[in-house]
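In what follows, a structure is listed as C-alpha coordinates, so that the remarks can point back to it.
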Amino acid sequence: MRLIAAQDRLIVALDVAGVEEARQAVQALEGAVDFFKIGLALQLAPGVDAFLQSLLAQGKRVFLDYKYYDVQETLRKAVGRAARLGVSFLTIHGPGSLIRAAVEAKGESDLKLLTVTVLTSLDAGDIAEMGYTRHAVDELVLFRAKKALEAGCDGVIASGREAAKIKEIAGSRLLVITPGIRPEGAPAHEQKRHATPAEAIRAGADYLVVGRPILGASDPRRAAERILAEMQDAFDALP
Ligand code: C5P
(Lines give C-alpha, C1' and ligand atoms only; values in the text may rest on other atoms or scores of the structure.)
Protein backbone atom coordinates (compact mmCIF):
# COMPACT_ATOMS: atom_id res chain seq x y z
CA MET A 1 0.00 0.00 0.00
CA ARG A 2 1.27 3.47 -0.88
CA LEU A 3 1.17 6.01 1.92
CA ILE A 4 -0.02 9.30 0.50
CA ALA A 5 -1.13 12.21 2.66
CA ALA A 6 -4.14 13.91 1.07
CA GLN A 7 -2.99 17.22 2.53
CA ASP A 8 0.11 17.15 0.31
CA ARG A 9 -2.09 16.63 -2.75
CA LEU A 10 -4.80 19.28 -2.47
CA ILE A 11 -4.23 22.61 -4.20
CA VAL A 12 -6.73 25.40 -3.59
CA ALA A 13 -7.23 27.77 -6.52
CA LEU A 14 -7.22 31.35 -5.19
CA ASP A 15 -9.59 32.67 -7.85
CA VAL A 16 -10.81 35.55 -5.72
CA ALA A 17 -11.37 39.27 -6.30
CA GLY A 18 -8.10 40.52 -4.84
CA VAL A 19 -5.11 39.92 -2.62
CA GLU A 20 -6.92 40.75 0.61
CA GLU A 21 -9.57 38.08 -0.11
CA ALA A 22 -6.80 35.64 -1.04
CA ARG A 23 -5.02 36.34 2.25
CA GLN A 24 -8.24 35.72 4.17
CA ALA A 25 -8.84 32.47 2.30
CA VAL A 26 -5.33 31.23 3.12
CA GLN A 27 -5.86 32.15 6.76
CA ALA A 28 -9.24 30.42 6.91
CA LEU A 29 -7.57 27.24 5.62
CA GLU A 30 -4.50 27.44 7.89
CA GLY A 31 -3.43 24.02 9.05
CA ALA A 32 -5.71 22.23 6.56
CA VAL A 33 -4.32 23.39 3.18
CA ASP A 34 -0.81 24.58 2.39
CA PHE A 35 -0.68 24.43 -1.41
CA PHE A 36 -2.27 27.31 -3.34
CA LYS A 37 -2.79 28.15 -6.99
CA ILE A 38 -2.36 31.72 -8.14
CA GLY A 39 -3.70 32.14 -11.63
CA LEU A 40 -5.13 34.62 -14.07
CA ALA A 41 -7.82 35.79 -11.64
CA LEU A 42 -5.13 37.39 -9.45
CA GLN A 43 -2.37 38.00 -11.99
CA LEU A 44 -2.91 41.76 -12.27
CA ALA A 45 -4.26 42.32 -8.76
CA PRO A 46 -2.30 45.00 -6.91
CA GLY A 47 0.08 43.42 -4.39
CA VAL A 48 0.04 39.93 -5.89
CA ASP A 49 3.84 39.69 -6.07
CA ALA A 50 4.29 40.53 -2.39
CA PHE A 51 1.46 38.12 -1.53
CA LEU A 52 3.15 35.33 -3.47
CA GLN A 53 6.46 36.01 -1.69
CA SER A 54 4.72 36.00 1.68
CA LEU A 55 3.12 32.62 0.95
CA LEU A 56 6.54 31.19 0.08
CA ALA A 57 8.10 32.79 3.17
CA GLN A 58 5.44 31.07 5.30
CA GLY A 59 6.49 27.74 3.81
CA LYS A 60 3.38 27.33 1.64
CA ARG A 61 3.71 25.79 -1.79
CA VAL A 62 2.60 27.80 -4.81
CA PHE A 63 1.28 26.67 -8.18
CA LEU A 64 1.67 29.58 -10.60
CA ASP A 65 -1.02 28.96 -13.21
CA TYR A 66 -0.07 31.66 -15.70
CA LYS A 67 -0.27 29.36 -18.73
CA TYR A 68 2.88 30.70 -20.40
CA TYR A 69 2.94 30.51 -24.19
CA ASP A 70 5.52 32.53 -26.11
CA VAL A 71 8.57 32.34 -28.32
CA GLN A 72 11.41 30.27 -26.86
CA GLU A 73 13.59 33.13 -25.66
CA THR A 74 10.78 34.92 -23.83
CA LEU A 75 9.53 31.67 -22.37
CA ARG A 76 13.04 30.83 -21.12
CA LYS A 77 13.30 34.16 -19.29
CA ALA A 78 9.84 33.82 -17.73
CA VAL A 79 10.38 30.22 -16.64
CA GLY A 80 13.83 31.05 -15.23
CA ARG A 81 12.27 33.80 -13.14
CA ALA A 82 9.58 31.49 -11.77
CA ALA A 83 12.22 28.87 -10.97
CA ARG A 84 14.27 31.41 -9.02
CA LEU A 85 11.18 32.57 -7.11
CA GLY A 86 10.74 29.11 -5.63
CA VAL A 87 7.25 28.26 -6.88
CA SER A 88 6.51 24.53 -7.07
CA PHE A 89 4.38 24.26 -10.22
CA LEU A 90 4.07 26.41 -13.36
CA THR A 91 1.83 25.90 -16.39
CA ILE A 92 3.15 26.29 -19.92
CA HIS A 93 1.75 25.64 -23.38
CA GLY A 94 2.96 24.72 -26.78
CA PRO A 95 4.75 22.16 -28.93
CA GLY A 96 7.83 20.12 -27.96
CA SER A 97 10.32 22.85 -28.91
CA LEU A 98 8.74 25.29 -26.44
CA ILE A 99 8.46 22.68 -23.71
CA ARG A 100 12.12 21.74 -24.17
CA ALA A 101 13.14 25.42 -23.92
CA ALA A 102 11.17 25.71 -20.67
CA VAL A 103 12.71 22.51 -19.28
CA GLU A 104 16.17 23.89 -20.06
CA ALA A 105 15.33 27.19 -18.37
CA LYS A 106 14.18 25.65 -15.12
CA GLY A 107 17.58 23.98 -14.84
CA GLU A 108 18.25 22.11 -11.62
CA SER A 109 15.51 23.92 -9.69
CA ASP A 110 12.65 22.02 -8.02
CA LEU A 111 10.09 23.71 -10.26
CA LYS A 112 7.70 21.26 -11.93
CA LEU A 113 6.54 22.28 -15.40
CA LEU A 114 3.01 21.30 -16.33
CA THR A 115 1.29 21.56 -19.69
CA VAL A 116 -2.41 22.10 -20.05
CA THR A 117 -3.85 19.29 -22.18
CA VAL A 118 -7.44 20.43 -22.80
CA LEU A 119 -9.18 22.79 -20.37
CA THR A 120 -11.66 20.86 -18.23
CA SER A 121 -14.34 23.36 -19.19
CA LEU A 122 -14.12 22.41 -22.89
CA ASP A 123 -15.90 19.61 -24.75
CA ALA A 124 -15.66 18.10 -28.24
CA GLY A 125 -17.63 20.98 -29.80
CA ASP A 126 -15.24 23.53 -28.31
CA ILE A 127 -12.06 21.83 -29.55
CA ALA A 128 -13.54 21.40 -33.04
CA GLU A 129 -14.32 25.13 -33.03
CA MET A 130 -10.69 25.84 -32.11
CA GLY A 131 -9.57 23.99 -35.23
CA TYR A 132 -8.18 20.81 -33.72
CA THR A 133 -8.51 17.89 -36.09
CA ARG A 134 -8.61 15.33 -33.26
CA HIS A 135 -12.21 15.81 -32.29
CA ALA A 136 -12.41 13.33 -29.44
CA VAL A 137 -11.33 15.12 -26.27
CA ASP A 138 -9.66 12.07 -24.73
CA GLU A 139 -7.68 11.47 -27.92
CA LEU A 140 -6.41 15.05 -27.95
CA VAL A 141 -5.58 14.95 -24.23
CA LEU A 142 -3.62 11.74 -24.68
CA PHE A 143 -1.80 13.05 -27.73
CA ARG A 144 -0.74 16.18 -25.85
CA ALA A 145 0.28 14.17 -22.79
CA LYS A 146 2.54 11.98 -24.95
CA LYS A 147 4.17 15.04 -26.51
CA ALA A 148 4.68 16.60 -23.07
CA LEU A 149 6.33 13.41 -21.84
CA GLU A 150 8.63 13.20 -24.86
CA ALA A 151 9.70 16.83 -24.35
CA GLY A 152 10.66 16.25 -20.71
CA CYS A 153 7.72 17.97 -19.04
CA ASP A 154 7.05 17.01 -15.41
CA GLY A 155 3.30 16.75 -15.61
CA VAL A 156 0.03 17.63 -17.28
CA ILE A 157 -3.23 19.24 -16.33
CA ALA A 158 -6.05 16.89 -17.25
CA SER A 159 -9.54 16.09 -16.09
CA GLY A 160 -10.34 13.09 -13.92
CA ARG A 161 -11.93 11.52 -16.98
CA GLU A 162 -8.59 11.18 -18.80
CA ALA A 163 -6.20 10.61 -15.88
CA ALA A 164 -6.31 6.82 -16.15
CA LYS A 165 -5.35 6.79 -19.81
CA ILE A 166 -2.45 9.17 -19.20
CA LYS A 167 -1.16 7.01 -16.35
CA GLU A 168 -1.39 3.98 -18.64
CA ILE A 169 1.12 5.51 -21.05
CA ALA A 170 3.26 7.49 -18.63
CA GLY A 171 3.00 5.85 -15.21
CA SER A 172 4.94 7.86 -12.65
CA ARG A 173 6.90 9.72 -15.35
CA LEU A 174 4.14 12.36 -15.65
CA LEU A 175 2.33 13.97 -12.75
CA VAL A 176 -1.39 14.35 -13.38
CA ILE A 177 -2.90 17.47 -11.85
CA THR A 178 -6.67 17.47 -12.02
CA PRO A 179 -8.96 20.51 -11.82
CA GLY A 180 -12.70 20.42 -12.47
CA ILE A 181 -13.28 18.65 -9.17
CA ARG A 182 -16.85 18.59 -7.97
CA PRO A 183 -17.90 16.69 -4.84
CA GLU A 184 -21.13 14.69 -5.27
CA GLY A 185 -24.06 17.09 -5.70
CA ALA A 186 -21.95 20.27 -6.05
CA PRO A 187 -22.80 22.65 -8.92
CA ALA A 188 -20.65 22.04 -12.03
CA HIS A 189 -20.44 25.73 -13.09
CA GLU A 190 -18.77 25.78 -16.55
CA GLN A 191 -16.74 22.59 -15.89
CA LYS A 192 -17.92 20.11 -18.52
CA ARG A 193 -15.49 17.26 -17.71
CA HIS A 194 -15.75 17.26 -13.92
CA ALA A 195 -15.12 14.40 -11.51
CA THR A 196 -15.51 13.85 -7.76
CA PRO A 197 -12.35 13.86 -5.63
CA ALA A 198 -12.54 10.06 -5.21
CA GLU A 199 -13.15 9.44 -8.94
CA ALA A 200 -10.15 11.58 -9.90
CA ILE A 201 -7.84 9.81 -7.45
CA ARG A 202 -9.05 6.35 -8.44
CA ALA A 203 -8.31 7.34 -12.05
CA GLY A 204 -4.73 8.22 -11.13
CA ALA A 205 -4.70 11.97 -10.42
CA ASP A 206 -1.67 12.88 -8.27
CA TYR A 207 -2.91 16.34 -7.24
CA LEU A 208 -6.38 17.89 -7.21
CA VAL A 209 -7.04 21.58 -7.86
CA VAL A 210 -10.20 22.87 -6.23
CA GLY A 211 -11.54 26.41 -6.35
CA ARG A 212 -15.22 27.22 -5.96
CA PRO A 213 -16.30 24.05 -4.15
CA ILE A 214 -14.06 25.26 -1.28
CA LEU A 215 -13.86 29.05 -1.52
CA GLY A 216 -17.52 29.42 -2.52
CA ALA A 217 -18.73 27.30 0.40
CA SER A 218 -20.33 28.90 3.45
CA ASP A 219 -17.60 27.27 5.56
CA PRO A 220 -14.50 26.87 3.34
CA ARG A 221 -12.50 25.09 6.00
CA ARG A 222 -15.19 22.48 6.50
CA ALA A 223 -15.54 22.04 2.74
CA ALA A 224 -11.76 21.53 2.45
CA GLU A 225 -11.75 19.04 5.31
CA ARG A 226 -14.55 17.04 3.68
CA ILE A 227 -12.67 16.93 0.39
CA LEU A 228 -9.45 15.96 2.18
CA ALA A 229 -11.26 13.12 3.96
CA GLU A 230 -12.68 11.84 0.65
CA MET A 231 -9.22 12.12 -0.94
CA GLN A 232 -7.55 10.29 1.93
CA ASP A 233 -10.03 7.39 1.74
CA ALA A 234 -9.44 7.17 -2.01
CA PHE A 235 -5.63 7.27 -1.66
CA ASP A 236 -5.71 4.65 1.10
CA ALA A 237 -7.80 2.35 -1.09
CA LEU A 238 -5.37 2.50 -4.03
CA PRO A 239 -3.71 -0.85 -4.76
O1 C5P B 1 -13.48 26.75 -9.20
P2 C5P B 1 -12.93 25.50 -9.87
O3 C5P B 1 -12.73 24.36 -8.88
O4 C5P B 1 -13.70 25.11 -11.10
O5 C5P B 1 -11.46 25.96 -10.32
C6 C5P B 1 -10.65 25.17 -11.12
C7 C5P B 1 -9.35 25.88 -11.36
O8 C5P B 1 -8.54 25.08 -12.20
C9 C5P B 1 -9.48 27.23 -12.02
O10 C5P B 1 -8.52 28.08 -11.38
C11 C5P B 1 -9.06 27.02 -13.46
O12 C5P B 1 -8.31 28.08 -13.97
C13 C5P B 1 -8.15 25.81 -13.37
N14 C5P B 1 -8.11 24.96 -14.54
C15 C5P B 1 -9.21 24.23 -15.03
N16 C5P B 1 -9.06 23.39 -16.10
C17 C5P B 1 -7.87 23.27 -16.70
C18 C5P B 1 -6.77 24.00 -16.24
C19 C5P B 1 -6.93 24.84 -15.16
O20 C5P B 1 -10.28 24.33 -14.44
N21 C5P B 1 -7.71 22.40 -17.68
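The values are calculated or read from the model by the stated rules, or taken from the named source; none is laboratory data. Keep in mind it's a predicted model, so treat the numbers as computed, not measured. Ideal geometry is used to build each Cβ from the backbone, glycine not excepted, and the neighbour counts take in all protein chains shown. To get the accessible areas, we keep the full protein, side chains included, count just its heavy atoms, and leave off ligands, DNA and RNA. Shrake-Rupley method; radii C 1.70, N 1.55, O 1.52, S 1.80 Å.
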Item to complete: Give ILE166, ILE92 a once-over and let me know the one that is within 14 Å of the ligand (Cβ to nearest atom), under 17 Å from the mean Cα position of the chain (by Cα), within 29 Å of PHE51 (Cβ to Cβ) and at pLDDT 95 or above.
Response: ILE92
Discussion item. Need the failing condition index for SER121 against (1) closer than 30 Å to GLN58 by Cβ; (2) in contact (Cβ under 8 Å) with a residue 60 or more places away in the chain, just the number.
Written reply: (1)
Worksheet item: Which is open to solvent by less than 10 Å² (accessible area, probe 1.4 Å), in a helix (DSSP H, G or I) and farther than 25 Å from LYS192 by Cα, of LEU55, LEU42?
Response: LEU55
Worksheet item: Only one of (1) over 18 Å from the mean Cα position of the chain (by Cα); (2) buried (at least 19 other Cβ atoms within 10 Å of the Cβ); (3) of a type outside the set (Ser, Thr, Tyr) fails for LYS37. Which number is that?
Response: (1)
Item to complete: Determine whether HIS135 is away from the ligand (no atom under 16 Å from the Cβ) and surrounded by fewer than 21 Cβ atoms within 10 Å (Cβ to Cβ).
Response: yes
Worksheet item: Under 6 Å by Cβ, and 6 or more places apart or on different chains, what pairs join a residue from region 190-201 that is in contact (Cβ under 8 Å) with a residue 24 or more places away in the chain with one that is within 11 Å of the ligand (Cβ to nearest atom) and basic (Lys, Arg)?
Response: HIS194/ARG182
Practice prompt. Go through the residues of region 22-45 one by one and say whether even a single one is within 14 Å of the ligand (Cβ to nearest atom) and of a type in the set (Asp, Glu).
Written response: no
Worksheet, complete the sentence: Taking region 89-100 and keeping only residues that are open to solvent by 30 Å² or more (accessible area, probe 1.4 Å) and of a type in the set (Gly, Ala, Ser), one is left with SER97
Fill in: Verdict on ILE127 being away from the ligand (no atom under 16 Å from the Cβ), surrounded by 18 or more Cβ atoms within 10 Å (Cβ to Cβ) and β-branched (Val, Ile, Thr)
no
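Here's the yes/no breakdown for (1) under 22 Å from ALA32 (Cβ atoms); (2) more than 9 Å from the ligand (Cβ to nearest atom); (3) open to solvent by less than 70 Å² (accessible area, probe 1.4 Å):
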residue	(1), (2), (3)
GLY180	yes, no, yes
ALA188	no, no, yes
PRO197	yes, yes, yes
GLY204	no, yes, yes
TYR207	yes, yes, yes
GLY216	yes, no, yes
ARG221	yes, yes, no
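Answer yes or no as to whether LEU122 is part of a loop (DSSP other than H, G, I, E, B) and either within 19 Å of the chain's Cα centre (by Cα) or under 26 Å from SER172 (Cβ atoms) (or both).
Values: part of a loop (DSSP other than H, G, I, E, B): yes; either within 19 Å of the chain's Cα centre (by Cα) or under 26 Å from SER172 (Cβ atoms) (or both): yes.
Taking the combined requirement at face value, the residue satisfies it.
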Discussion item. Within region 61-83, does at least one residue satisfy the condition of being in a loop (DSSP other than H, G, I, E, B), open to solvent by less than 40 Å² (accessible area, probe 1.4 Å) and within 16 Å of the ligand (Cβ to nearest atom)?
Written reply: no
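Can you tell me which of ARG9, ARG76 is of a type in the set (D, E, K, R) and more than 20 Å from the chain's Cα centre (by Cα)? Don't jump to the end; show me each part of the working.
Values: ARG9 fails: more than 20 Å from the chain's Cα centre (by Cα).
The unique qualifying residue is ARG76.
Just to be sure, is ALA6 touching a residue at least 24 places away in the same chain (Cβ under 8 Å) and within 11 Å of the ligand (Cβ to nearest atom)?
Numbers: touching a residue at least 24 places away in the same chain (Cβ under 8 Å): yes; within 11 Å of the ligand (Cβ to nearest atom): no.
Taking the combined requirement at face value, the residue does not satisfy it.
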